[in-house]
1. Go through the range 46-125 and tell me which strands (runs of 3 or more DSSP E), entirely inside it, have 3 or more residues that are at pLDDT 90 or above and of a type in the set (S, T, N, Q).
2. Exactly one condition in (1) touching a strand residue (DSSP E or B) at 6+ places or on another chain (Cβ under 9 Å); (2) over 30 Å from Y13 (Cα atoms); (3) modelled with pLDDT of 90 or more is not met by T39; state its number.
3. Identify, please: which residue in the range 1-36 is modelled with pLDDT under 95 and of a type in the set (S, T, Y) and is, among those, surrounded by the most Cβ atoms within 10 Å (Cβ to Cβ)?
4. Would you say R91 is surrounded by 15 or more Cβ atoms within 10 Å (Cβ to Cβ) and touching a Leu at 6+ places or on another chain (Cβ under 9 Å)?
Amino acid sequence: MSDSIIQKVQHTYTRKDLPEFNPGDTIKVHIKIIEGSKTRIQIFQGIVIAKRGCGTDRTFTVRKIASGSIGVERVFPINATVIENIDVIRRGRVRRAKLYYLRSKIGKAARVRELRTSQRKSEKI
């Protein structure tokens, strides 16, 4: 009985306006930043290295390389209200669910192969 109530509440708070993406995809996350009375949109672009959780607790980790070849990772809750939009730039072809090995790679070694349209199984052409 309580499970159905929890599922109903989670269903109402789950966002349905975001696109489907997987680890290995390069995405742009548009984040709403509030500074005093002003709000602005900041873009965080990088590779999705992990997704975890279920329901309202789902999160994803995005890694980008900042200036000076320093890696910056950020964990976003999927249902957060600060996420304005997510754009999928390119789909990656990976064989793992967690891409933590990219942390030790630098430069061209940290690249992920692009998924061609003929290889997409879940998307309709």
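The values are calculated or read from the model by the stated rules, or taken from the named source; none is laboratory data. Computed from a predicted model, the values in this text were never measured in an experiment. Cβ sites come from the backbone with ideal geometry, for glycine too, and all protein chains shown count toward neighbours.
1. Numbers: elements: 59-66, 70-77, 83-90.
By residue number, no strands (runs of 3 or more DSSP E) qualify.
2. (2)
3. The selected residue is T14.
4. So R91 passes the test.
Let's see how each residue does on (1) without any contact (Cβ under 8 Å) to a residue 12 or more places away in the chain; (2) over 19 Å from G107 (Cβ atoms):
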site: I34; (1), (2): yes, yes
site: S37; (1), (2): yes, yes
site: I43; (1), (2): no, yes
site: I49; (1), (2): no, no
site: T61; (1), (2): no, yes
site: K64; (1), (2): no, no
site: R74; (1), (2): no, yes
